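Engineer: Have a look at the structure that comes next, please.
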Amino acid sequence: MLYRRLGQNVEVRKLGVTYGKVEAVRDVSFAITPGEFITLLGPSGCGKTTVLKMIAGLIPDHRGMIAFGGERIDHLPPNRRNIGLVFQNYSLFPHMTVSENIGYGLRMRRWPADSQAARIREMLALVRLEGLGARKPDQLSGGQQQRVALARALAFQPDLLLLDEPLSNLDAGLREGVRTDLRGIQRRTGQTTILVTHDQEEAMVMSDRIVLMNAGRIEQIDTPEQLYSMPATEFAARFTGAGNILYGVYLRDGEADRICIDGLEAPMSVSTRASTVGPPGSPAAACIRPEQIVVRARNDVATLEAFWPHALMTTGQVIDLAFCGGTAILHLDVPGLGLLKCARPAMEVEGLRFSDHVAVAILDCHLLPRGE
Ligand code: ATP
């Protein structure tokens, strides 16, 4: 009973809502396949929670339609939408035990008593809280309380699970563990899920697909890999950790795409191009991820050229160098280009020091339309 894949597609089309003069959400459309884990990602105030609330039925007067399995549910009150909700503040009933909290939705739906008991046991095992069913929420850690909230939301087999920043109240150490738990449970149950977060890393590691939002509308919908390697806009590139955005003009050299960066003479090769970039000659931006920049000691240019004959070669000065575990983060001052952020395996840059003059190779970039 626990391990099933729900057979419902979820579709939202042209969702929108206006508060006074503020169009908080406009034209938001996406579809979710059964068992998929989707994340609404974006900066504070971009409308993520508002979309979640519309789906949950907590905003009555909105535009657009919501359907589960092809049937519209947007006219139904929240308690008839068969949606499980988990909020950042857990929202457990303080006077009920863990088991009573988990069984709440089952009692409301009038499950037979023996099925309720069996389901509560199943849920306690799923979230690894066996033996703690008689405790009250205030006798649990934050991570345990969030697992109870998850068990309560999953117990009645919702068509859709909505998670509103469920990890943001947990400290950093705990968050990673609960994140892994949550995704593991979602995979095992095949529960169709929408997560809301402003944390890019959380979205990247947890989601099948990400709906990136900006100022009330959708900027891009893609898998984490695609969003990172092929952002459609400058906003998407920056929000997913662009590291470096340089401006220039898009060029075409036979079959190859290139960009002529302002301040550099030689054009740079482009591996991927957003479909919205205009024709050759259009203003464009190059998104250079930090790991696409390689540095060596100044007298070691030959090694760079031998390894990466197609890279764009230049020189710079190390103005900051920090080691984060096995990765070194360098900030380089590159004449004509300004500050570039570079991330390399720590072992590779062992000999380099602050203020060293270095040879710099830009291996690759992704081409974007130039932002406003
Ligand atoms: P956060 O990550 O900070 O929670 P969010 O992306 O979830 O942000 P929303 O809470 O959806 O953003 O808010 C979107 C916009 O709508 C914001 O400008 C917010 O101020 C506005 N807004 C939300 N609810 C209301 C309301 N009930 N009345 C007026 N404005 C609202």
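The values are calculated or read from the model by the stated rules, or taken from the named source; none is laboratory data. These figures come from a predicted structure and were not determined experimentally. Quick reminder, even Gly has a Cβ in these numbers, built from the backbone with ideal geometry, and neighbours come from all protein chains shown. The area values use the complete protein model at the heavy-atom level, side chains included, leaving out ligands, DNA and RNA. Shrake-Rupley method; radii C 1.70, N 1.55, O 1.52, S 1.80 Å.
Engineer: Would it be correct to say that residue 254 is out of contact with any helix residue (DSSP H, G or I) (no Cβ under 6 Å at 6 or more places or on another chain) and at positive phi?
Structural biologist: Values: out of contact with any helix residue (DSSP H, G or I) (no Cβ under 6 Å at 6 or more places or on another chain): yes; at positive phi: yes.
Considered against the rule, which asks whether it is out of contact with any helix residue (DSSP H, G or I) (no Cβ under 6 Å at 6 or more places or on another chain) and at positive phi, residue 254 comes out as yes.
Engineer: While we're here: What is the one condition in (1) out of contact with any Gly (no Cβ under 9 Å at 6 or more places or on another chain); (2) surrounded by 19 or more Cβ atoms within 10 Å (Cβ to Cβ); (3) over 26 Å from residue 280 (Cα atoms); (4) of a type in the set (Gly, Ala, Ser) that residue 155 does not satisfy?
Structural biologist: (1)
Engineer: Can you go through 63, 80 and tell me which one is over 25 Å from the mean Cα position of the chain (by Cα) and within 15 Å of the ligand (Cβ to nearest atom)? Give the derivation first.
Structural biologist: Values: 80 fails: within 15 Å of the ligand (Cβ to nearest atom).
The conditions single out 63.
Engineer: Taking residue 266 and the conditions (1) closer than 20 Å to residue 235 by Cβ; (2) open to solvent by less than 70 Å² (accessible area, probe 1.4 Å); (3) at pLDDT below 90, which numbered condition does it fall short on, given that it satisfies the others?
Structural biologist: (1)
Engineer: Regarding residue 58, is this residue out of contact with any Leu (no Cβ under 7 Å at 6 or more places or on another chain), more than 17 Å from residue 216 (Cβ to Cβ), in the same structural domain as residue 203 (by TED's automatic domain parsing) and within 16 Å of the ligand (Cβ to nearest atom)? Lay out the reasoning, then the answer.
Structural biologist: Numbers: out of contact with any Leu (no Cβ under 7 Å at 6 or more places or on another chain): yes; more than 17 Å from residue 216 (Cβ to Cβ): yes; in the same structural domain as residue 203 (by TED's automatic domain parsing): yes; within 16 Å of the ligand (Cβ to nearest atom): yes.
Yes, satisfied.
Engineer: Continuing with the same structure: Within the range 188-208, how many residues turn out to be touching a residue at least 60 places away in the same chain (Cβ under 8 Å) and either open to solvent by 60 Å² or more (accessible area, probe 1.4 Å) or of a type in the set (S, T, N, Q) (or both)?
Structural biologist: 9
Engineer: So, in the range 85-119, exactly how many residues are without any contact (Cβ under 8 Å) to a residue 40 or more places away in the chain, of a type outside the set (D, E, K, R) and surrounded by 16 or more Cβ atoms within 10 Å (Cβ to Cβ)?
Structural biologist: 3
Engineer: Which of the numbered conditions does residue 318 fail, given that it passes all the others? Conditions: (1) open to solvent by less than 50 Å² (accessible area, probe 1.4 Å); (2) within 21 Å of residue 226 (Cα to Cα).
Structural biologist: (2)
Engineer: Just checking, which of 216, 177 is modelled with pLDDT under 90 and more than 14 Å from the chain's Cα centre (by Cα)? Working first, answer last.
Structural biologist: Details: 216 fails: modelled with pLDDT under 90.
Going through 216, 177 in turn, just one is modelled with pLDDT under 90 and more than 14 Å from the chain's Cα centre (by Cα): 177.
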